[in-house]
Amino acid sequence: MQLTGADPAVNEKTPADEKPLRKDAIRNREKIVPAAMAAFAEHGLEVSIAEVAERAGVGVGTVYRRFGDKENLIDALFAAKIDEVIELAERALAEDDAAAAFLTFCVRCSELFAENKGLRQLMLSRQLPPTELTSSAAARLGPLREAITDRAKKAGWLRESFAPSDFPVMLIAVQAVRDLGGAEHPDLWRRALRLCMDGARQDSRIPSDLDVPTPLTREELQSVIDRRIRAAQVDCGK
């Protein structure tokens, strides 16, 4: 597996001496890539090749011929997405305002993960075994995250007690709220991020400038909890 910034539609493992794809093969690939990304973004990496093929309107064998297996398909789809996270960090380091850079990086990362369940599973889940793709991403992102954190501390905006390792922990917590909110409250994670940012700031008396939804009512919270309980019961019954 390799991590590149290429368009996911062409980021496939292809021998150098392989003939160019036929027109029908190109059309199939153009069907598979958006269908697979939509499926993984909505339902996570548990989506099967059969489900991807059904969404794309092609046979299962066609998906395997184009990508080899599910792991290669995930690599082809998410390499560019992971590069997007890296680029956010690099742009944050290039900003003059260290505090604004830290806040913007947190928000934009959280937005990318909130929009794509597969991406947040790939980069934040501790239940998935590491792959060459995720290990390479972690190695690239780690130093950038540390630099962003150090700059925000030196600027006097971020608490000294905040460690670079707290950053992924914070994102994991925020995305757990994204999963909790589900389709009913897809922006609930923004409140969780606001609370994290306010707690991490040196002067937490002044709320961080984040656009957040209104808090859940008691009834809405109960509805969310009930939905999670039902989902857990279904999983246990499998």
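When the stretch 120-149 is limited to residues that are of a type in the set (D, E, K, R) and assigned to a helix (DSSP H, G or I), the one that is nearest to E46 (Cα to Cα) turns out to be R120. Which ones in the stretch 85-104 are closer than 16 Å to Q121 by Cα and surrounded by fewer than 19 Cβ atoms within 10 Å (Cβ to Cβ)? Within the stretch 85-104, no residue meets the criteria.
L210 fulfils the conditions (1) more than 27 Å from G44 (Cα to Cα); (2) in a helix (DSSP H, G or I) except for a single criterion, (2). Checking each residue in the stretch 67-88 for being among the β-branched types (V, I, T) and closer than 15 Å to V47 by Cα picks out only I74.
Each reported figure results from applying straightforward, stated rules to the coordinates on display, with no laboratory input. The model shown is predicted, which means the values in this text are computed figures rather than measured ones. FYI the Cβ positions are ideal-geometry reconstructions off the backbone, even for glycines, and counts take in every protein chain you see.
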